[in-house]
Amino acid sequence: MIFPIMLTSLLLPGPPHGGSCNGEIYNFRDLRYQLEKRGCKFKSKSDSEVVLHGYTEFGEEIFNRLNGMFAIAIWDAHKNQ
């Protein structure tokens, strides 16, 4: 089953990353499982949250791991970009 990403804005505790996502991430459950094994704690079932945690863990490499049709914007306050 595919869950659409609703147009959302999220902020994670810790690193000041924020983002907006629109579209569908088909493999977000697999990515979530990988991130949970690395110690990530999730507050929702949202695939948008998976993207932000993935960015925190993998940096820009997360985009190579995403499978789907989507548009994503992430703010990285550490890099001020």
Reachable lysines, given that their alpha-carbon falls under 26 Å from the alpha-carbon of K79 and they are not under 8 places away in the same chain: K41, K43
So W75 and D30, fully extended at 0.36 nm per residue minus their Cα-Cα distance, gain in nm 13.8 nm
Residues whose modelled amide H sits under 5 Å from the amide H of G68, counting only those 5 or more places away in sequence or on another chain, are Y26
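Here, each number is a calculation from the coordinates, and none is a lab measurement. Worth saying up front: this structure is predicted, and the values here are computed from it rather than measured.
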